[in-house]
1. Quick check: pseudo-label points 7 Å beyond the Cα along Cα→Cβ at residue 40 and residue 75, how many nm apart are they?
2. Residues with beta-carbon under 9 Å from that of residue 72, excluding residue 72: net charge, scoring Lys, Arg +1 and Asp, Glu -1?
3. I need 55, 34 ordered by Cβ neighbour count within 10 Å, fewest first.
4. Fewest Cβ neighbours within 10 Å first, please rank 9, 70 accordingly.
5. Taking K and R as +1 and D and E as -1, what net charge do the other residues with C-beta under 12 Å from the C-beta of residue 11 add up to?
6. If Lys and Arg each add +1 and Asp and Glu each add -1, what is the summed charge of the other residues whose beta carbon sits under 14 Å from the beta carbon of residue 51?
7. Would you list 3, 33, 49 from fewest to most Cβ contacts within 10 Å?
8. Assuming 0.890 mPa s and 25 °C, estimate D for the chain with Stokes-Einstein, Rh taken as the Kirkwood radius over Cα pairs, in µm²/s.
Amino acid sequence: MRVEYDYDTCIGMFQCVAEWDAFERDEDAGKAVLADSEEQEEDVFVREVPDDAELDAKFAARSCPVDAITLYDDDGEQLIP
């Protein structure tokens with residue numbers, strides 16, 4: 001599973017931080033940060049989701065009020081949102 005996070009879309013509600021520890025608060029910017037990710041394109045960050053964190057990643061994606069987090073399965077099919 002892969003997570004894609006749109007930093008620009010994030011409005012800093014930090015629900016994702018409460019759901020999955022891969023997301024961290026950046027209080028200075030007022031946005032979440034996806035740890036251990038790579039910038040795929042401007043302000044879009046991606047990383048693999050460890051098998052033991054898939055449920056947490058799903059909760060994080062579903063909790064985002066602006067759909068800044070998208071999950072994809074191993075075949076590239078969009079799971080969430």
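Values in this text are rule-based calculations from the coordinates and carry no lab data. As the structure is a computational prediction, the values presented were derived from the model and not from experiment. Note: ideal-geometry Cβ built from the backbone for every residue, glycine included; neighbour counts use all protein chains shown.
1. Result: 1.8 nm between the two label points.
2. Numbers: positive: 2; negative: 4, 73, 74, 75, 77.
Overall, the nearby charge balance is -4.
3. Working: 55 11, 34 25.
Fewest-to-most ranking of 55, 34: 55, 34.
4. On the way: 9 14, 70 18.
The fewest-first ordering by Cβ neighbours comes to 9, 70.
5. Details: positive: 31; negative: 6, 8, 67.
Net of charged neighbours comes to -2.
6. Working: positive: 2, 47, 58; negative: 48, 52, 54, 56, 73, 74.
Counting the neighbours of residue 51, the net charge comes to -3.
7. Details: 3 27, 33 16, 49 20.
Going from sparsest to densest Cβ surroundings: 33, 49, 3.
8. 200 µm²/s
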